[in-house]
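Written out below as structure tokens is the structure these notes cover.
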Amino acid sequence: MKTEREPVPKLLELLEEPDPSLYRRLLRDAGTSGRCPVLLNDGTLDRCDQEAIDEDPELVDANPYTVLADWWRGPCLPDCPCDEPLLATLPAPVGSGRDLSRHHATVASATGFARAAQGIARMGVVEAARPADIPLALRWSGMCNYQDRDLPRATAVLRSWEDRFGAVVAFVGPDTLLLSVARPPRSREECTSVAAEHFAFCPDQVDPQVELRTTPIPLSEYAESIRGETLWRFWWD
């Protein structure tokens, strides 16, 4: 069932709840149809209201490692109380070397997430050729507390994760992104590298995976927490 509300840029349809079969078909065919599924809620739509966003293709196509290196907060100052100070530079990126964005396992993993969200979230259809482009297409303002972070460059990072790990933007909340991950990192090297990328991408929380944690988490501990984890959560306060 569709509902009517104030228009949101490039939101083509809005359903009451996820339809896993439709979700799967849309995700599989998004590259050719330009119609991509995403889960969201009414609060999300209230944060899709940016009128002026620079969609310069050079920003969207930026090198994701360069973007994250620019956003990296290390190194810690000498008097930092961290038990494990951040490195001076972002670790080198890792990945499978294959493009997993269209892989059947990526589609299956995200569809499973949509199935689990029935009765919890709503389902939107967005004018986008891939899930990584959805926040930009919706003019999402969830990262508004960080003026150095813009959607075009964030899109470059999300595209990289989609390609390298089959990490699909499955849910967009008012200030939250949930990514379904078909091929999560498993080795120590991979987990450490990806953990650093997460810290650079979303530094506004003590632990992106645990909502109730109140103390900072060391990079190595966070790296262990995402080993084999098929859901990545990012939250900006």
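The values are calculated or read from the model by the stated rules, or taken from the named source; none is laboratory data. Bear in mind the structure is a predicted one, so any value in this text is a computation, not a measurement. We place every Cβ from the backbone using ideal geometry, glycine too, and count neighbours over all the protein chains shown.
Odds and ends about this structure:
Residue by residue, here is whether (1) in contact (Cβ under 8 Å) with a residue 60 or more places away in the chain; (2) under 23 Å from ARG73 (Cβ atoms); (3) in contact with a helix residue (DSSP H, G or I) (Cβ under 8 Å, 6 or more places away or on another chain); (4) assigned to a loop (DSSP other than H, G, I, E, B) holds:
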site: GLY142; (1), (2), (3), (4): yes, yes, yes, yes
site: VAL168; (1), (2), (3), (4): yes, no, yes, no
site: PHE171; (1), (2), (3), (4): yes, no, yes, no
site: ARG183; (1), (2), (3), (4): yes, no, yes, yes
site: CYS191; (1), (2), (3), (4): no, yes, yes, no
site: GLU197; (1), (2), (3), (4): yes, yes, yes, no
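- Flag if PRO131 is within 17 Å of the chain's Cα centre (by Cα), under 21 Å from LEU22 (Cα atoms) and not charged (D, E, K, R): yes
- Selection of the range 80-121 for residues being under 14 Å from THR230 (Cβ atoms), out of contact with any helix residue (DSSP H, G or I) (no Cβ under 7 Å at 6 or more places or on another chain) and β-branched (Val, Ile, Thr) yields only THR106.
- The set of residues in the range 189-207 that are more than 14 Å from ARG164 (Cβ to Cβ) and either modelled with pLDDT of 95 or more or under 14 Å from the mean Cα position of the chain (by Cα) (or both) comprises ALA195, PHE199, ALA200, CYS202, PRO203.
- Pair list, Cβ under 9 Å, 6 or more apart: the range 1-29 residue part of a strand (DSSP E or B) and surrounded by 13 or more Cβ atoms within 10 Å (Cβ to Cβ), other residue hydrophobic (A, V, I, L, M, F, W, C) and modelled with pLDDT under 95: LEU11/LEU45; LEU11/CYS48; LEU11/ALA137; LEU11/LEU138; LEU14/VAL8; LEU14/LEU45; LEU15/MET1
- The residues of the range 46-67 that are in a helix (DSSP H, G or I), buried (at least 17 other Cβ atoms within 10 Å of the Cβ) and at pLDDT below 90, listed by number, are LEU59, VAL60.
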